Amino acid sequence: MTAVENFVTTWLTPKKMAVFFTILTILYMLFPVMLPMKVSSWTTDYIAEIDRLEPGDVVVWGHNWGDLIPARSGLTFNTAVMQYLMSKQLKIIFVCFSPATPSNMYTFMHDYAKSEDYGYVYGVDWVVTPFISGEESGIAAVGDDMWYPKVDMFGTPISEIPIYQDIHVISDAQLTMCDGGGFSWQPMYVRQWAIRHKMRMVNNYGFQVIAIYYGIYVQGCLDRTRGQAEFEYATDFQGEEVLRFQFRNIGASLVFLSVALGNIALYSKKKEERDTVGVVA
Amino acid sequence: MMSTRIYRRQIPIFVVSFFMAVLLIDYYAPKLPIISPVSSTFLAWGAMIALIQLSFGYLTLLRMHVERASRAQSEGFNQRTFKTIIVLATFVIMTVIGIYEGRGNAGPSFLFWYSNLVAMAGVGTVLEWISHYSSPARMFKITSLESGAMFLTWLLVCFREMPTVVVLFPFTESIGDWIMKTPYMASNRGVMIAAGIGIVILAVRALVGKEPGLVEMEVTK
(Lines give C-alpha, C1' and ligand atoms only; values in the text may rest on other atoms or scores of the structure.)
Protein backbone atom coordinates (compact mmCIF):
# COMPACT_ATOMS: atom_id res chain seq x y z
CA MET A 1 0.00 0.00 0.00
CA THR A 2 1.38 3.40 -0.99
CA ALA A 3 1.68 6.28 1.45
CA VAL A 4 -1.15 8.20 -0.25
CA GLU A 5 -3.41 5.18 -0.32
CA ASN A 6 -2.55 4.56 3.31
CA PHE A 7 -3.46 8.16 4.14
CA VAL A 8 -6.76 7.93 2.23
CA THR A 9 -7.86 4.66 3.82
CA THR A 10 -6.76 5.70 7.32
CA TRP A 11 -7.83 9.34 7.46
CA LEU A 12 -10.50 9.75 4.81
CA THR A 13 -12.92 7.22 6.23
CA PRO A 14 -16.59 8.30 6.12
CA LYS A 15 -16.70 8.74 9.90
CA LYS A 16 -13.56 10.89 10.11
CA MET A 17 -14.64 13.00 7.13
CA ALA A 18 -18.06 13.52 8.69
CA VAL A 19 -16.51 14.69 11.96
CA PHE A 20 -14.10 16.96 10.11
CA PHE A 21 -16.77 18.60 7.97
CA THR A 22 -19.12 18.97 10.93
CA ILE A 23 -16.42 20.81 12.91
CA LEU A 24 -15.59 22.94 9.86
CA THR A 25 -19.24 23.82 9.33
CA ILE A 26 -19.74 24.80 12.96
CA LEU A 27 -16.58 26.93 12.90
CA TYR A 28 -17.77 28.64 9.74
CA MET A 29 -21.22 29.22 11.22
CA LEU A 30 -19.63 30.82 14.29
CA PHE A 31 -17.02 32.82 12.39
CA PRO A 32 -18.29 33.44 8.84
CA VAL A 33 -15.71 34.95 6.55
CA MET A 34 -17.33 37.23 4.00
CA LEU A 35 -15.25 37.31 0.87
CA PRO A 36 -15.93 39.41 -2.23
CA MET A 37 -18.46 38.18 -4.77
CA LYS A 38 -20.00 39.47 -7.98
CA VAL A 39 -23.48 39.38 -9.44
CA SER A 40 -24.17 37.48 -12.66
CA SER A 41 -26.28 38.78 -15.55
CA TRP A 42 -29.07 36.27 -14.88
CA THR A 43 -29.54 37.68 -11.37
CA THR A 44 -29.32 41.26 -12.64
CA ASP A 45 -32.04 40.41 -15.20
CA TYR A 46 -34.18 38.94 -12.42
CA ILE A 47 -33.93 42.02 -10.24
CA ALA A 48 -34.53 44.32 -13.24
CA GLU A 49 -37.78 42.45 -14.00
CA ILE A 50 -39.05 43.18 -10.50
CA ASP A 51 -37.77 46.75 -10.53
CA ARG A 52 -39.63 47.62 -13.73
CA LEU A 53 -42.98 46.95 -11.98
CA GLU A 54 -45.07 49.76 -10.50
CA PRO A 55 -46.44 49.73 -6.93
CA GLY A 56 -49.76 47.85 -6.94
CA ASP A 57 -48.79 45.59 -9.85
CA VAL A 58 -49.65 41.93 -9.38
CA VAL A 59 -47.16 39.08 -9.33
CA VAL A 60 -48.49 35.53 -9.73
CA TRP A 61 -46.17 33.20 -7.89
CA GLY A 62 -46.59 29.53 -8.82
CA HIS A 63 -45.52 27.29 -6.00
CA ASN A 64 -45.53 23.64 -5.16
CA TRP A 65 -43.69 23.70 -1.88
CA GLY A 66 -44.38 20.32 -0.41
CA ASP A 67 -42.81 18.63 2.56
CA LEU A 68 -39.26 18.58 1.27
CA ILE A 69 -38.77 21.91 -0.44
CA PRO A 70 -38.84 24.40 2.46
CA ALA A 71 -36.20 22.57 4.42
CA ARG A 72 -33.75 22.14 1.61
CA SER A 73 -34.33 24.92 -0.82
CA GLY A 74 -33.86 28.43 0.36
CA LEU A 75 -36.58 29.18 2.87
CA THR A 76 -34.77 32.29 4.02
CA PHE A 77 -33.91 33.18 0.44
CA ASN A 78 -37.61 33.08 -0.47
CA THR A 79 -38.18 35.33 2.50
CA ALA A 80 -35.66 37.77 1.01
CA VAL A 81 -37.46 37.69 -2.36
CA MET A 82 -40.83 38.15 -0.70
CA GLN A 83 -39.62 41.07 1.38
CA TYR A 84 -38.10 42.66 -1.70
CA LEU A 85 -41.44 42.34 -3.51
CA MET A 86 -43.23 43.85 -0.52
CA SER A 87 -40.74 46.70 -0.33
CA LYS A 88 -41.81 47.50 -3.91
CA GLN A 89 -45.46 47.37 -2.80
CA LEU A 90 -46.31 44.61 -5.28
CA LYS A 91 -49.36 42.43 -4.78
CA ILE A 92 -48.89 38.69 -4.71
CA ILE A 93 -51.14 35.79 -5.69
CA PHE A 94 -49.69 32.48 -4.52
CA VAL A 95 -50.98 29.69 -6.74
CA CYS A 96 -50.48 26.35 -5.02
CA PHE A 97 -49.89 23.07 -6.81
CA SER A 98 -49.05 20.76 -3.93
CA PRO A 99 -51.42 19.71 -1.12
CA ALA A 100 -49.14 21.18 1.56
CA THR A 101 -48.43 24.42 -0.30
CA PRO A 102 -51.36 26.61 0.85
CA SER A 103 -50.63 26.03 4.52
CA ASN A 104 -46.89 26.43 3.84
CA MET A 105 -47.31 29.72 2.01
CA TYR A 106 -49.56 31.13 4.71
CA THR A 107 -47.08 30.19 7.44
CA PHE A 108 -44.24 31.48 5.28
CA MET A 109 -45.86 34.89 4.91
CA HIS A 110 -46.67 35.22 8.60
CA ASP A 111 -43.69 33.64 10.33
CA TYR A 112 -40.89 34.34 7.89
CA ALA A 113 -41.71 37.15 5.46
CA LYS A 114 -43.53 39.08 8.25
CA SER A 115 -46.13 40.49 5.90
CA GLU A 116 -47.75 42.53 8.69
CA ASP A 117 -44.52 44.50 9.16
CA TYR A 118 -44.92 45.74 5.59
CA GLY A 119 -48.56 46.65 6.15
CA TYR A 120 -49.72 43.82 3.94
CA VAL A 121 -53.31 42.71 4.39
CA TYR A 122 -54.46 39.25 3.37
CA GLY A 123 -56.93 39.38 0.49
CA VAL A 124 -55.99 42.94 -0.40
CA ASP A 125 -52.23 42.70 -0.95
CA TRP A 126 -51.71 38.96 -1.06
CA VAL A 127 -53.75 35.82 -1.30
CA VAL A 128 -53.18 32.07 -1.29
CA THR A 129 -55.19 29.71 -3.48
CA PRO A 130 -56.26 26.30 -2.27
CA PHE A 131 -54.39 23.26 -3.58
CA ILE A 132 -54.89 22.99 -7.34
CA SER A 133 -54.39 19.45 -8.55
CA GLY A 134 -53.49 18.14 -11.97
CA GLU A 135 -49.95 19.53 -12.30
CA GLU A 136 -49.72 20.91 -15.86
CA SER A 137 -53.48 20.80 -16.47
CA GLY A 138 -53.90 22.71 -13.18
CA ILE A 139 -51.31 25.29 -14.22
CA ALA A 140 -53.01 25.64 -17.61
CA ALA A 141 -56.48 25.91 -16.05
CA VAL A 142 -55.34 28.76 -13.78
CA GLY A 143 -53.62 30.47 -16.71
CA ASP A 144 -56.88 30.44 -18.67
CA ASP A 145 -59.02 31.45 -15.73
CA MET A 146 -57.55 32.88 -12.55
CA TRP A 147 -60.94 32.45 -10.90
CA TYR A 148 -60.85 28.72 -11.62
CA PRO A 149 -60.27 27.76 -7.94
CA LYS A 150 -63.52 29.66 -7.06
CA VAL A 151 -62.34 30.22 -3.47
CA ASP A 152 -59.10 31.04 -1.65
CA MET A 153 -57.49 28.69 0.87
CA PHE A 154 -59.99 29.73 3.57
CA GLY A 155 -63.01 29.10 1.38
CA THR A 156 -63.73 32.78 0.77
CA PRO A 157 -65.26 33.20 -2.71
CA ILE A 158 -62.80 34.81 -5.11
CA SER A 159 -65.51 37.26 -6.17
CA GLU A 160 -65.28 38.74 -2.64
CA ILE A 161 -61.46 39.03 -2.56
CA PRO A 162 -60.25 42.55 -3.48
CA ILE A 163 -56.94 41.51 -5.12
CA TYR A 164 -58.81 39.37 -7.66
CA GLN A 165 -61.16 42.07 -8.88
CA ASP A 166 -58.98 43.08 -11.84
CA ILE A 167 -57.37 39.69 -12.34
CA HIS A 168 -59.43 37.29 -14.45
CA VAL A 169 -56.82 35.66 -16.69
CA ILE A 170 -53.14 35.39 -15.93
CA SER A 171 -52.24 38.06 -18.48
CA ASP A 172 -54.04 40.60 -16.25
CA ALA A 173 -51.07 40.25 -13.87
CA GLN A 174 -47.77 41.94 -14.61
CA LEU A 175 -45.27 39.18 -13.79
CA THR A 176 -45.19 35.46 -13.15
CA MET A 177 -42.70 33.80 -10.89
CA CYS A 178 -42.16 30.09 -10.45
CA ASP A 179 -40.41 28.08 -7.82
CA GLY A 180 -40.21 24.61 -6.33
CA GLY A 181 -40.75 21.30 -8.04
CA GLY A 182 -37.84 20.54 -10.25
CA PHE A 183 -36.92 19.65 -13.77
CA SER A 184 -40.43 18.72 -14.84
CA TRP A 185 -42.33 21.55 -13.15
CA GLN A 186 -40.48 24.59 -14.43
CA PRO A 187 -41.07 23.87 -18.14
CA MET A 188 -44.78 23.40 -17.29
CA TYR A 189 -44.98 26.97 -16.01
CA VAL A 190 -43.10 28.22 -19.07
CA ARG A 191 -45.35 26.33 -21.49
CA GLN A 192 -48.65 27.25 -19.87
CA TRP A 193 -48.03 30.77 -18.63
CA ALA A 194 -45.07 32.31 -20.47
CA ILE A 195 -45.60 30.81 -23.93
CA ARG A 196 -49.36 30.31 -24.01
CA HIS A 197 -50.28 33.67 -22.45
CA LYS A 198 -47.13 35.59 -23.42
CA MET A 199 -46.50 36.41 -19.77
CA ARG A 200 -43.21 37.77 -18.54
CA MET A 201 -41.65 35.24 -16.22
CA VAL A 202 -38.77 34.94 -13.77
CA ASN A 203 -37.52 31.70 -12.35
CA ASN A 204 -36.31 31.12 -8.82
CA TYR A 205 -35.22 27.54 -9.26
CA GLY A 206 -32.17 27.27 -11.49
CA PHE A 207 -30.84 28.04 -14.93
CA GLN A 208 -30.44 24.46 -16.03
CA VAL A 209 -34.19 23.79 -15.97
CA ILE A 210 -35.13 26.77 -18.13
CA ALA A 211 -31.92 27.14 -20.16
CA ILE A 212 -33.61 26.57 -23.50
CA TYR A 213 -36.28 29.18 -22.77
CA TYR A 214 -34.03 31.86 -21.34
CA GLY A 215 -34.10 35.28 -22.97
CA ILE A 216 -37.21 34.43 -25.01
CA TYR A 217 -39.84 33.24 -22.57
CA VAL A 218 -38.02 33.63 -19.25
CA GLN A 219 -36.61 37.09 -18.54
CA GLY A 220 -34.67 36.49 -15.33
CA CYS A 221 -33.33 33.60 -13.34
CA LEU A 222 -31.72 32.86 -10.03
CA ASP A 223 -29.35 29.99 -10.63
CA ARG A 224 -29.76 27.90 -7.50
CA THR A 225 -27.56 28.80 -4.52
CA ARG A 226 -25.34 31.02 -6.64
CA GLY A 227 -28.20 33.14 -8.03
CA GLN A 228 -30.06 33.20 -4.74
CA ALA A 229 -26.95 34.38 -2.91
CA GLU A 230 -26.35 37.01 -5.57
CA PHE A 231 -29.93 38.23 -5.14
CA GLU A 232 -29.45 38.60 -1.39
CA TYR A 233 -26.09 40.31 -1.93
CA ALA A 234 -27.36 42.72 -4.60
CA THR A 235 -30.62 43.71 -2.88
CA ASP A 236 -29.34 43.64 0.69
CA PHE A 237 -32.31 41.50 1.73
CA GLN A 238 -30.29 38.82 3.40
CA GLY A 239 -31.22 35.21 3.93
CA GLU A 240 -28.82 32.32 4.37
CA GLU A 241 -27.77 31.79 0.78
CA VAL A 242 -24.93 34.33 0.87
CA LEU A 243 -23.37 32.41 3.75
CA ARG A 244 -23.97 29.10 1.99
CA PHE A 245 -22.43 30.43 -1.19
CA GLN A 246 -19.45 31.85 0.66
CA PHE A 247 -18.90 28.46 2.25
CA ARG A 248 -18.46 27.05 -1.25
CA ASN A 249 -15.06 28.71 -1.35
CA ILE A 250 -14.02 26.23 1.31
CA GLY A 251 -16.42 23.42 0.46
CA ALA A 252 -15.57 23.24 -3.23
CA SER A 253 -11.83 23.40 -2.43
CA LEU A 254 -12.29 20.39 -0.19
CA VAL A 255 -14.20 18.60 -2.94
CA PHE A 256 -11.32 19.27 -5.34
CA LEU A 257 -8.93 17.98 -2.71
CA SER A 258 -10.93 14.79 -2.21
CA VAL A 259 -11.12 14.23 -5.98
CA ALA A 260 -7.37 14.84 -6.35
CA LEU A 261 -6.56 12.45 -3.51
CA GLY A 262 -8.92 9.85 -4.98
CA ASN A 263 -7.15 10.04 -8.33
CA ILE A 264 -3.68 10.01 -6.79
CA ALA A 265 -4.65 6.93 -4.78
CA LEU A 266 -6.05 5.27 -7.91
CA TYR A 267 -2.95 5.89 -10.01
CA SER A 268 -0.47 5.01 -7.28
CA LYS A 269 -2.35 1.73 -6.78
CA LYS A 270 -2.26 1.07 -10.53
CA LYS A 271 1.48 1.82 -10.59
CA GLU A 272 2.05 -0.51 -7.66
CA GLU A 273 0.11 -3.27 -9.44
CA ARG A 274 2.15 -2.74 -12.62
CA ASP A 275 5.39 -2.85 -10.63
CA THR A 276 4.30 -6.07 -8.90
CA VAL A 277 3.41 -7.70 -12.24
CA GLY A 278 6.80 -6.59 -13.62
CA VAL A 279 8.66 -8.11 -10.66
CA VAL A 280 6.76 -11.42 -10.99
CA ALA A 281 7.36 -11.51 -14.75
CA MET B 1 -69.57 -9.37 -27.52
CA MET B 2 -67.17 -6.50 -27.06
CA SER B 3 -63.67 -7.85 -26.50
CA THR B 4 -61.66 -6.90 -23.44
CA ARG B 5 -59.12 -5.21 -25.67
CA ILE B 6 -61.69 -2.80 -27.11
CA TYR B 7 -63.15 -1.49 -23.87
CA ARG B 8 -59.98 -1.67 -21.81
CA ARG B 9 -57.64 -0.32 -24.41
CA GLN B 10 -59.06 1.05 -27.64
CA ILE B 11 -61.88 3.11 -26.14
CA PRO B 12 -59.68 4.76 -23.45
CA ILE B 13 -57.04 5.51 -26.10
CA PHE B 14 -59.70 7.06 -28.33
CA VAL B 15 -61.06 9.19 -25.46
CA VAL B 16 -57.59 10.37 -24.41
CA SER B 17 -56.68 11.11 -28.04
CA PHE B 18 -59.81 13.20 -28.47
CA PHE B 19 -59.06 15.28 -25.36
CA MET B 20 -55.42 15.68 -26.37
CA ALA B 21 -56.37 16.76 -29.89
CA VAL B 22 -58.64 19.51 -28.53
CA LEU B 23 -55.96 20.70 -26.08
CA LEU B 24 -53.25 20.65 -28.75
CA ILE B 25 -55.36 22.61 -31.24
CA ASP B 26 -56.14 25.18 -28.55
CA TYR B 27 -52.48 25.43 -27.54
CA TYR B 28 -50.92 25.82 -30.96
CA ALA B 29 -53.67 27.29 -33.16
CA PRO B 30 -55.01 30.84 -32.84
CA LYS B 31 -57.79 31.20 -30.26
CA LEU B 32 -61.02 29.79 -31.66
CA PRO B 33 -64.40 30.69 -30.13
CA ILE B 34 -65.51 27.03 -30.07
CA ILE B 35 -62.31 25.25 -29.08
CA SER B 36 -61.05 27.56 -26.31
CA PRO B 37 -63.98 27.21 -23.87
CA VAL B 38 -64.08 23.45 -24.46
CA SER B 39 -60.33 23.23 -23.88
CA SER B 40 -60.61 25.23 -20.63
CA THR B 41 -63.38 22.88 -19.45
CA PHE B 42 -61.22 19.85 -20.27
CA LEU B 43 -58.31 21.34 -18.33
CA ALA B 44 -60.57 21.90 -15.32
CA TRP B 45 -61.84 18.32 -15.59
CA GLY B 46 -58.25 17.10 -15.76
CA ALA B 47 -57.36 18.95 -12.56
CA MET B 48 -60.43 17.56 -10.78
CA ILE B 49 -59.76 14.00 -11.93
CA ALA B 50 -56.18 14.36 -10.69
CA LEU B 51 -57.54 15.43 -7.29
CA ILE B 52 -59.75 12.34 -7.13
CA GLN B 53 -56.77 10.18 -8.16
CA LEU B 54 -54.70 11.76 -5.41
CA SER B 55 -57.42 11.10 -2.84
CA PHE B 56 -57.63 7.52 -4.08
CA GLY B 57 -53.86 7.21 -3.61
CA TYR B 58 -54.04 8.53 -0.04
CA LEU B 59 -56.92 6.20 0.81
CA THR B 60 -55.09 3.21 -0.67
CA LEU B 61 -52.04 4.07 1.39
CA LEU B 62 -54.15 4.43 4.50
CA ARG B 63 -55.96 1.16 3.82
CA MET B 64 -52.63 -0.65 3.43
CA HIS B 65 -51.39 0.65 6.79
CA VAL B 66 -54.64 -0.12 8.60
CA GLU B 67 -54.54 -3.64 7.17
CA ARG B 68 -50.93 -4.05 8.24
CA ALA B 69 -51.70 -2.76 11.73
CA SER B 70 -54.62 -5.17 12.03
CA ARG B 71 -52.32 -8.06 11.14
CA ALA B 72 -49.90 -7.11 13.93
CA GLN B 73 -51.87 -9.13 16.47
CA SER B 74 -51.46 -12.38 14.53
CA GLU B 75 -48.04 -11.75 12.97
CA GLY B 76 -46.39 -10.03 15.91
CA PHE B 77 -44.77 -6.63 16.32
CA ASN B 78 -41.92 -5.91 13.91
CA GLN B 79 -40.14 -2.95 12.31
CA ARG B 80 -42.81 -2.56 9.61
CA THR B 81 -45.55 -2.46 12.23
CA PHE B 82 -43.64 0.26 14.06
CA LYS B 83 -43.47 2.37 10.88
CA THR B 84 -47.16 1.77 10.26
CA ILE B 85 -48.05 2.94 13.76
CA ILE B 86 -46.04 6.13 13.21
CA VAL B 87 -47.82 6.80 9.90
CA LEU B 88 -51.27 6.18 11.39
CA ALA B 89 -50.57 8.18 14.54
CA THR B 90 -49.29 11.12 12.49
CA PHE B 91 -52.35 10.90 10.27
CA VAL B 92 -54.74 10.91 13.23
CA ILE B 93 -52.95 13.76 15.05
CA MET B 94 -52.77 15.99 11.96
CA THR B 95 -56.40 15.23 11.05
CA VAL B 96 -57.71 15.98 14.54
CA ILE B 97 -55.77 19.24 14.82
CA GLY B 98 -56.70 20.19 11.25
CA ILE B 99 -60.42 19.64 11.82
CA TYR B 100 -60.29 21.41 15.19
CA GLU B 101 -58.54 24.50 13.85
CA GLY B 102 -60.03 24.73 10.37
CA ARG B 103 -58.36 25.79 7.14
CA GLY B 104 -55.28 27.98 7.24
CA ASN B 105 -54.71 26.66 10.74
CA ALA B 106 -51.53 27.24 12.67
CA GLY B 107 -51.46 23.82 14.39
CA PRO B 108 -50.73 21.47 11.49
CA SER B 109 -48.49 24.11 9.95
CA PHE B 110 -46.56 24.36 13.20
CA LEU B 111 -46.17 20.59 13.39
CA PHE B 112 -45.36 20.37 9.71
CA TRP B 113 -42.74 23.10 9.59
CA TYR B 114 -41.10 22.68 12.94
CA SER B 115 -40.91 18.89 12.98
CA ASN B 116 -40.76 17.88 9.34
CA LEU B 117 -38.56 20.80 8.36
CA VAL B 118 -36.06 20.15 11.14
CA ALA B 119 -36.07 16.42 10.42
CA MET B 120 -35.46 17.02 6.72
CA ALA B 121 -32.71 19.51 7.49
CA GLY B 122 -31.09 16.86 9.68
CA VAL B 123 -31.33 14.22 6.97
CA GLY B 124 -30.02 16.73 4.45
CA THR B 125 -27.06 17.60 6.65
CA VAL B 126 -26.09 13.95 6.96
CA LEU B 127 -26.48 13.28 3.24
CA GLU B 128 -24.96 16.54 2.06
CA TRP B 129 -21.38 15.80 2.88
CA ILE B 130 -21.62 12.39 1.24
CA SER B 131 -22.96 13.85 -2.00
CA HIS B 132 -20.58 16.80 -1.97
CA TYR B 133 -17.32 15.29 -0.85
CA SER B 134 -17.41 11.53 -1.05
CA SER B 135 -19.34 11.05 -4.31
CA PRO B 136 -17.16 13.30 -6.51
CA ALA B 137 -14.05 11.50 -5.25
CA ARG B 138 -15.56 8.22 -6.43
CA MET B 139 -17.22 9.63 -9.57
CA PHE B 140 -14.31 11.52 -11.02
CA LYS B 141 -11.67 8.85 -11.28
CA ILE B 142 -9.94 9.76 -14.53
CA THR B 143 -9.68 6.41 -16.26
CA SER B 144 -10.46 7.31 -19.86
CA LEU B 145 -10.71 10.27 -22.23
CA GLU B 146 -14.47 10.48 -21.64
CA SER B 147 -14.17 10.49 -17.87
CA GLY B 148 -11.37 13.08 -18.18
CA ALA B 149 -13.62 15.33 -20.29
CA MET B 150 -16.44 14.89 -17.79
CA PHE B 151 -14.12 15.74 -14.93
CA LEU B 152 -12.84 18.84 -16.71
CA THR B 153 -16.38 20.06 -17.44
CA TRP B 154 -17.38 19.53 -13.83
CA LEU B 155 -14.26 21.33 -12.62
CA LEU B 156 -14.88 24.37 -14.84
CA VAL B 157 -18.52 24.63 -13.77
CA CYS B 158 -17.47 24.23 -10.13
CA PHE B 159 -15.09 27.19 -10.39
CA ARG B 160 -18.06 29.34 -11.35
CA GLU B 161 -19.74 28.31 -8.10
CA MET B 162 -16.88 29.64 -5.95
CA PRO B 163 -17.47 33.37 -5.40
CA THR B 164 -13.91 34.32 -4.58
CA VAL B 165 -12.49 32.39 -7.54
CA VAL B 166 -14.88 34.29 -9.81
CA VAL B 167 -13.81 37.63 -8.34
CA LEU B 168 -10.10 36.82 -8.63
CA PHE B 169 -10.34 35.10 -12.04
CA PRO B 170 -13.41 36.48 -13.86
CA PHE B 171 -12.77 34.26 -16.88
CA THR B 172 -13.85 31.22 -14.80
CA GLU B 173 -17.38 32.62 -14.72
CA SER B 174 -17.39 33.18 -18.47
CA ILE B 175 -16.20 29.62 -19.10
CA GLY B 176 -18.74 28.12 -16.68
CA ASP B 177 -21.58 30.18 -18.13
CA TRP B 178 -20.53 29.25 -21.67
CA ILE B 179 -20.68 25.57 -20.75
CA MET B 180 -24.20 26.06 -19.41
CA LYS B 181 -25.34 28.21 -22.34
CA THR B 182 -23.79 26.22 -25.20
CA PRO B 183 -22.85 22.53 -24.77
CA TYR B 184 -25.31 21.98 -21.92
CA MET B 185 -28.15 23.72 -23.76
CA ALA B 186 -27.38 21.79 -26.96
CA SER B 187 -27.46 18.45 -25.14
CA ASN B 188 -30.60 19.55 -23.26
CA ARG B 189 -32.34 20.36 -26.55
CA GLY B 190 -31.14 17.06 -28.01
CA VAL B 191 -32.63 15.12 -25.10
CA MET B 192 -35.91 17.03 -25.33
CA ILE B 193 -36.18 16.53 -29.08
CA ALA B 194 -35.41 12.82 -28.71
CA ALA B 195 -37.95 12.48 -25.90
CA GLY B 196 -40.56 14.42 -27.90
CA ILE B 197 -40.12 12.28 -31.00
CA GLY B 198 -40.15 9.16 -28.84
CA ILE B 199 -43.44 10.18 -27.20
CA VAL B 200 -45.05 10.88 -30.59
CA ILE B 201 -43.91 7.51 -31.95
CA LEU B 202 -45.17 5.72 -28.83
CA ALA B 203 -48.49 7.55 -29.04
CA VAL B 204 -48.99 6.69 -32.72
CA ARG B 205 -48.04 3.05 -32.09
CA ALA B 206 -50.49 2.93 -29.18
CA LEU B 207 -53.23 4.44 -31.36
CA VAL B 208 -52.82 1.80 -34.04
CA GLY B 209 -52.53 -0.96 -31.46
CA LYS B 210 -48.88 -1.76 -32.13
CA GLU B 211 -47.47 -0.76 -28.73
CA PRO B 212 -47.54 -3.66 -26.28
CA GLY B 213 -46.75 -1.77 -23.06
CA LEU B 214 -48.53 -1.97 -19.73
CA VAL B 215 -52.08 -1.61 -21.07
CA GLU B 216 -51.62 -4.60 -23.37
CA MET B 217 -50.17 -6.63 -20.49
CA GLU B 218 -53.23 -5.85 -18.35
CA VAL B 219 -55.60 -6.63 -21.20
CA THR B 220 -54.04 -9.99 -21.94
CA LYS B 221 -53.64 -10.94 -18.29
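The values are calculated or read from the model by the stated rules, or taken from the named source; none is laboratory data. None of these values were measured; they are calculated from a predicted model. Cβ sites come from the backbone with ideal geometry, for glycine too, and all protein chains shown count toward neighbours.
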Looking at the range A:43-66, can you tell me whether even one residue there is more than 26 Å from A:Met199 (Cα to Cα) and acidic (Asp, Glu)? no
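Go over the candidates B:Phe91, B:Phe19, B:Phe14 one by one and state the one that is within 30 Å of A:His197 (Cα to Cα) and touching a residue at least 12 places away in the same chain (Cβ under 8 Å).
Selected residue: B:Phe19, the only one of B:Phe91, B:Phe19, B:Phe14 that is within 30 Å of A:His197 (Cα to Cα) and touching a residue at least 12 places away in the same chain (Cβ under 8 Å).
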Unmet requirement for A:Trp147, which otherwise passes all of (1) over 28 Å from A:Phe207 (Cβ atoms); (2) crowded, with 22+ Cβ neighbours inside 10 Å: (2)
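Which residue, of A:Ile47, A:Ile69, A:Ile92, is under 30 Å from A:Ser133 (Cβ atoms) and either modelled with pLDDT of 90 or more or in contact with a helix residue (DSSP H, G or I) (Cβ under 7 Å, 6 or more places away or on another chain) (or both)?
Values: A:Ile47 fails: under 30 Å from A:Ser133 (Cβ atoms); A:Ile69 fails: either modelled with pLDDT of 90 or more or in contact with a helix residue (DSSP H, G or I) (Cβ under 7 Å, 6 or more places away or on another chain) (or both).
Just one listed residue meets the conditions, A:Ile92.
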Residue in the range A:182-193 that is farthest from the chain's Cα centre (by Cα), counting only those that are surrounded by fewer than 24 Cβ atoms within 10 Å (Cβ to Cβ) and away from every other protein chain (no Cβ under 13 Å): A:Trp185
Would you please name the residue that is nearest to the chain's Cα centre (by Cα), looking only at residues in the range A:204-244 that are crowded, with 24+ Cβ neighbours inside 10 Å and aromatic (Phe, Trp, Tyr)? A:Tyr205
Against the conditions (1) free of Cβ contacts under 8 Å to residues at least 24 places away in the same chain; (2) surrounded by fewer than 16 Cβ atoms within 10 Å (Cβ to Cβ), where does B:Gly209 fall short? Just the number, please. (1)
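Look through the range A:1-29, keep the residues that are in a loop (DSSP other than H, G, I, E, B) and of a type outside the set (A, V, I, L, M, F, W, C), and return whichever of them is modelled with the highest pLDDT. Give the steps one after another, and end with the answer.
Of the residues in the range A:1-29, the ones in a loop (DSSP other than H, G, I, E, B) are A:1-2, A:12-13.
Applying the additional criterion that residues be of a type outside the set (A, V, I, L, M, F, W, C) yields A:2, A:13.
Working: A:Thr2: 66, A:Thr13: 73.
It comes out as A:Thr13.
If I filter the range B:22-29 for residues that are over 27 Å from the mean Cα position of the chain (by Cα) and hydrophobic (A, V, I, L, M, F, W, C), do I get at least one hit?
Residues of the range B:22-29 that are over 27 Å from the mean Cα position of the chain (by Cα), as a first pass: B:29.
Applying the additional criterion that residues be hydrophobic (A, V, I, L, M, F, W, C) yields B:29.
Looking through the range B:22-29, at least one residue is over 27 Å from the mean Cα position of the chain (by Cα) and hydrophobic (A, V, I, L, M, F, W, C).
Quickly run through the range B:175-201 and pick out the residues that are loosely packed, with under 13 Cβ neighbours inside 10 Å and not β-branched (Val, Ile, Thr).
Our first condition is that a residue be loosely packed, with under 13 Cβ neighbours inside 10 Å; within the range B:175-201, this holds for B:182-183, B:186-187, B:189-201.
Hits for the range B:175-201 are B:Pro183, B:Ala186, B:Ser187, B:Arg189, B:Gly190, B:Met192, B:Ala194, B:Ala195, B:Gly196, B:Gly198.
Pull up the range A:30-50, narrow it to residues that are part of a helix (DSSP H, G or I) and not polar (S, T, N, Q), then point me to the one that is farthest from the other protein chains (Cβ to nearest Cβ). Give the steps one after another, and end with the answer.
If we filter the range A:30-50 for residues that are part of a helix (DSSP H, G or I), which is where we start, we get A:30, A:41-50.
Next cut, not polar (S, T, N, Q) only: A:30, A:42, A:45-50.
On the way: A:Leu30: 16, A:Trp42: 9, A:Asp45: 13, A:Tyr46: 15, A:Ile47: 18, A:Ala48: 18, A:Glu49: 19, A:Ile50: 22 Å.
By that ranking, first place goes to A:Ile50.
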Here the residues within the range B:168-178 that are facing chain A (nearest Cβ under 10 Å) and touching a helix residue (DSSP H, G or I) at 6+ places or on another chain (Cβ under 9 Å) are B:Glu173, B:Gly176, B:Asp177
Scan the range A:142-155 and give yes if some residue there is touching a His at 6+ places or on another chain (Cβ under 8 Å), free of Cβ contacts under 8 Å to residues at least 24 places away in the same chain and not basic (Lys, Arg), otherwise no. yes
Can you give me the ranges of the helices (runs of 4 or more DSSP H) entirely in the range A:60-178 with at least 3 residues that are more than 10 Å from every other protein chain (Cβ to nearest Cβ) and over 23 Å from A:Glu49 (Cβ atoms)? none
Would you mind stating whether A:Gln228 is assigned to a loop (DSSP other than H, G, I, E, B) and among the polar types (S, T, N, Q)? no
For the list (1) surrounded by 20 or more Cβ atoms within 10 Å (Cβ to Cβ); (2) away from chain B (no Cβ under 14 Å), I need the number of the one condition that A:Leu27 fails. (1)
For the range B:26-68, which positions are within 11 Å of chain A (Cβ to nearest Cβ) and outside any helix (DSSP H, G or I)? B:Lys31
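With respect to A:Phe247, is the statement that it is aromatic (Phe, Trp, Tyr) and at the interface with chain B (Cβ under 9 Å from one of its Cβ atoms) true?
Values: aromatic (Phe, Trp, Tyr): yes; at the interface with chain B (Cβ under 9 Å from one of its Cβ atoms): no.
When the stated conditions are applied, A:Phe247 does not pass them.
If I ask for residues that are within 14 Å of B:Leu207 (Cβ to Cβ) and surrounded by fewer than 14 Cβ atoms within 10 Å (Cβ to Cβ), which ones from the range B:7-16 would you list?
Of everything in the range B:7-16, those that are within 14 Å of B:Leu207 (Cβ to Cβ) and surrounded by fewer than 14 Cβ atoms within 10 Å (Cβ to Cβ) turn out to be B:Ile11, B:Pro12, B:Phe14, B:Val15, B:Val16.
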